[in-house]
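Here the structure is laid out as structure tokens; the discussion comes afterwards.
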Amino acid sequence: NVLLSRQVDGFIIAPPEDFEKPLLSLREEDVPFVLIDRYFRQLDVNSVTVDNYRTSFNAVKHLVDNGFTRIGFINYTTRLIHLNERTRGYREALEAAGLPFRPEDLKLISEARLEQEIKGAMDAMLSQPDQVDAIFFSSSNVAIEGLSYLRKRKVPVPEDLGVVCFDETKAYDLFPCPITYIRQPLAEMGQAAVRLLLRNIGYRAAVEHIVLETEMIVKDSSLAGAGGHRKKENDETG
């Protein structure tokens with residue numbers, strides 16, 4: 001409302017949950033806007049995103065290809081589509097690999113209680129008789145807390161546990177093992193959003209949904225350890 005009162009020409013918005021009504025109001029008032037990073041299925045509006053489903057699917061496939069067979073996933077409890085698409089990619093990658101989906105290996109935690117709940121989630125994952133041999137973290141914030149807790153528990157990565165993280169952060173450099181992560185094209189997303197918004201200022205252009213590619217930066221955390229050794233042993237035996 002403050003920005004509208006200052007007569008801005010348009011908005012680039014990374015919307016939170018339950019933000020459909022303000023977006024509908026902007027559309028009704030013919031105020032140009034572009035959603036970035038996430039969108040709402042029921043609203044056909046301009047957006048710039050990545051393919052969260054395919055990226056998550058490929059991350060789990062990468063772990064499977066390196067011999068990991070019991071892969072856990074930690075994500076937020078949310079209605080935001082980009083995070084839920086990461087969960088869908090995780091589940092369907094397991095199915096495609098012929099691995100069972102175990103509900104106890106999928107932990108959904110509260111963002112407001114991230115530090116406390118991630119400890120409980122990881123304790124549960126790592127205390128099972130047949131515990132997970134890899135964990136996929138859904139975002140950099142989840143990953144930072146998860147990696148910190150792995151250090152406190154002195155869990156060897158990748159010897160006992162493989163790790164892949166969605167998103168990039170310098171904090172990974174503080175972990176003893178180089179971490180495999182998914183790089184989102186943040187600068188390209190911003191540039192594409194600005195170009196799309198400029199095309200819509202002054203007149204209403206056709207709605208566009210721009211989907212950009214991510215890149216997996218593969219490092220040691222997802223290549224060796226228990227899963228990798230099993231893969232090597234299986235290859236040697238037949």
| Out of segment 177-222, which residues are in a loop (DSSP other than H, G, I, E, B), over 19 Å from S139 (Cα atoms) and either of a type outside the set (K, R) or open to solvent by less than 80 Å² (accessible area, probe 1.4 Å) (or both)? | I201, G202, Y203, A205, A206, V207, E208
| task | Write out, first by first residue and then by second, each pair whose Cβ atoms fall under 6 Å of each other, whose residues are 6+ apart or on separate chains, and whose first residue, in segment 1-28, is more than 23 Å from L80 (Cβ to Cβ) while the second is surrounded by fewer than 15 Cβ atoms within 10 Å (Cβ to Cβ) and among the acidic types (D, E). | result | none
| request: Give me the pairs, please: first residue somewhere in segment 40-58 and over 29 Å from L198 (Cα atoms), second residue anywhere and open to solvent by less than 10 Å² (accessible area, probe 1.4 Å) and not hydrophobic (A, V, I, L, M, F, W, C), beta-carbon distance under 6 Å, and either six or more positions apart or on two chains. | output: S56/R86; S56/G89; S56/Y90; F57/G89
| field | Selection count where residues are at pLDDT 95 or above and open to solvent by 30 Å² or more (accessible area, probe 1.4 Å), scope segment 125-150 | value | 5
| said: Cβ-Cβ distance below 6 Å, separation of 6 or more or different chains: which pairs start in segment 76-92 with a residue that is in contact (Cβ under 8 Å) with a residue 40 or more places away in the chain and over 10 Å from R38 (Cβ atoms) and end on one that is open to solvent by less than 70 Å² (accessible area, probe 1.4 Å) and basic (K, R)? | reply: none
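Conditions tested, residue by residue: (1) modelled with pLDDT of 95 or more; (2) on the phi > 0 side of the Ramachandran plot; (3) of a type outside the set (G, A, S).
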| position | (1), (2), (3) |
| --- | --- |
| I182 | yes, no, yes |
| Q191 | yes, no, yes |
| L196 | yes, no, yes |
| A205 | no, no, no |
| L212 | yes, no, yes |
| E215 | yes, no, yes |
| V218 | yes, no, yes |
| E233 | no, no, yes |
| query | What pairs can you find where one residue is in segment 113-129 and closer than 16 Å to Y76 by Cβ and touching a residue at least 12 places away in the same chain (Cβ under 8 Å), the other is acidic (D, E) and in a helix (DSSP H, G or I), and their Cβ atoms are less than 6 Å apart, with a gap of 6+ or different chains? | reply | L114/E145; E115/E145; I118/E145
| message | Within segment 26-49, take every residue that is open to solvent by 50 Å² or more (accessible area, probe 1.4 Å) and not basic (K, R) and give me the one that is nearest to the chain's Cα centre (by Cα). | response | Y39
| message | Name the residue that is most open to solvent (accessible area, probe 1.4 Å), counting only residues in segment 73-106 that are among the hydroxyl-bearing types (S, T, Y) and assigned to a helix (DSSP H, G or I). | response | T87
| field | From the options V164, V157, V132, residue that is touching a His at 6+ places or on another chain (Cβ under 8 Å), on the phi < 0 side of the Ramachandran plot and not in a helix (DSSP H, G or I) | value | V164
| Out of (1) among the hydroxyl-bearing types (S, T, Y); (2) in contact (Cβ under 8 Å) with a residue 60 or more places away in the chain; (3) farther than 25 Å from R153 by Cα, what's the single condition that is false for T69? | (3)
| Long-range neighbours under 6 Å by Cβ, at least six apart or interchain, first residue under 20 Å from E17 (Cα atoms) within segment 99-112, second open to solvent by 70 Å² or more (accessible area, probe 1.4 Å) | L108/T77; S110/T77
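The values are calculated or read from the model by the stated rules, or taken from the named source; none is laboratory data. Because the structure is a prediction, the values reported are computed rather than measured. Methodologically, a virtual Cβ is constructed for each residue, glycine included, from the backbone with ideal geometry; neighbour enumeration extends over all protein chains shown. Please note that ligands, DNA and RNA were not included when accessible areas were found on the heavy atoms of the full protein model with its side chains. Shrake-Rupley method; radii C 1.70, N 1.55, O 1.52, S 1.80 Å.
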